[in-house]
Amino acid sequence: MKDIPINLACEDVLSEAVLKKMLQHSQRPFCIGGCFCKNGYGYLKKNLPGFNNAAKGMAYLVLTDLDQYECPLAIINEWLKSQPKHPNMLFRVAVKEVESWLLADREGFATFLGISPNLITMDVDNIDDPKQYLINLCRKSRKKALKDAIVPKAKSTAKVGKDYNNPLIKFVQKSWQIEGAKVNSPSLRRAMDVIIAFQPTWT
C-alpha cells in the first residue's frame, strides 16, 4: 500500500504525541512530514488558511481544543471564514481539551496515577476544564515524582506543574489505549473514524 504523506498541526507537544499515536493506531500507511505543533492556539488559528491551501498537495491533520467555542463547526467557520475546507485537511477538535482524550482511557490513566478508575468520570467530553480536572486527580496520587511534575506548587501562579507535558507524553506513547478511550469520548471516536476512512485527493 502506498504511503500517505501527511503534516501535523496542533497547539503543543502533548497534542503532537496524541496525533502520532492516533496515526499509528489507525494502521494506515501514513508518512509524517512536518509537525507544526509548538506555537499555541494563536499560531494555529493564524496559519490554518495556509495549511488548508497547502493541503492541495500534502494532507494535513489539524487538532485544536474546543475550549469555550460552542461547537467544532464554529471554530472552522471562524478560522477559515469563507474559504472551503480542502478534503485533504483533516480538522479535528478535542472536546473540550486534549487531556479529556487521555482521561477517556479510565483504567489506563488511573493506573498511571495510581488511583481508582472510579475517580474518573465516564463522561469526559463534558468536563468543563479537563486540564484542571487532570491536575486535581494527580493531587490524589501517591507518586511524588508525578505530582511534582504535573501539579503546580502551592502559592504558584503557574497553571500547571514544572514538567507537565513530559510524563503525559510518556503515558500517551507507552500506555494510552485508544480503543478503550473511544468508548468514553465521542469526539475521539469521531476523530479516529475520520483518520481510518481518509482517502487523499491530489490535484
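Numerical summary
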quantity: Test set (1) out of contact with any helix residue (DSSP H, G or I) (no Cβ under 8 Å at 6 or more places or on another chain); (2) surrounded by fewer than 20 Cβ atoms within 10 Å (Cβ to Cβ) - GLU16 fails condition number; calculated: (2)
quantity: Some residue of region 91-108 being touching a strand residue (DSSP E or B) at 6+ places or on another chain (Cβ under 7 Å), buried (at least 21 other Cβ atoms within 10 Å of the Cβ) and more than 23 Å from THR121 (Cα to Cα); calculated: yes
quantity: Output for region 180-203, where each listed residue is in contact (Cβ under 8 Å) with a residue 40 or more places away in the chain, under 21 Å from PRO29 (Cβ atoms) and not in a loop (DSSP other than H, G, I, E, B); calculated: ALA191, MET192, VAL194, ILE195, ILE196
quantity: Single condition GLY40 does not satisfy, out of (1) touching a Gly at 6+ places or on another chain (Cβ under 9 Å); (2) more than 27 Å from ALA197 (Cβ to Cβ); (3) among the small types (Gly, Ala, Ser); calculated: (1)
quantity: Options LYS155, LYS174, LYS182, LYS140; residue that is surrounded by fewer than 18 Cβ atoms within 10 Å (Cβ to Cβ) and closer than 25 Å to CYS37 by Cβ; calculated: LYS174
quantity: Candidate set from region 28-76 (those that are modelled with pLDDT of 90 or more and of a type in the set (Val, Ile, Thr)); member that is farthest from ALA17 (Cα to Cα); calculated: ILE75
quantity: Check on LYS85, surrounded by fewer than 22 Cβ atoms within 10 Å (Cβ to Cβ), of a type outside the set (A, V, I, L, M) and either part of a strand (DSSP E or B) or touching a Phe, Trp or Tyr at 6+ places or on another chain (Cβ under 7 Å) (or both); calculated: yes
quantity: Sole exception among (1) surrounded by fewer than 20 Cβ atoms within 10 Å (Cβ to Cβ); (2) in contact (Cβ under 8 Å) with a residue 60 or more places away in the chain; (3) not assigned by TED's automatic domain parsing to the domain that holds VAL13 for LEU168, by number; calculated: (1)
quantity: Number of the exception - TYR60 against (1) part of a loop (DSSP other than H, G, I, E, B); (2) of a type in the set (Ser, Thr, Tyr); (3) crowded, with 21+ Cβ neighbours inside 10 Å; calculated: (1)
quantity: Filter result for PRO117 (in the same structural domain as ALA145 (by TED's automatic domain parsing) and surrounded by fewer than 22 Cβ atoms within 10 Å (Cβ to Cβ)); calculated: yes
quantity: Complete set of residues in region 122-165 that are in contact (Cβ under 8 Å) with a residue 60 or more places away in the chain and among the polar types (S, T, N, Q); calculated: ASN165
quantity: Qualifying position, being among the basic types (Lys, Arg) and closer than 19 Å to LEU63 by Cβ, among ARG189, ARG142; calculated: ARG189
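The values are calculated or read from the model by the stated rules, or taken from the named source; none is laboratory data. Just so it is clear, the model here is predicted, and its values are computed rather than measured. Cβ coordinates were reconstructed from backbone atoms using ideal geometry, including for glycine residues, and neighbour counts include every protein chain displayed.
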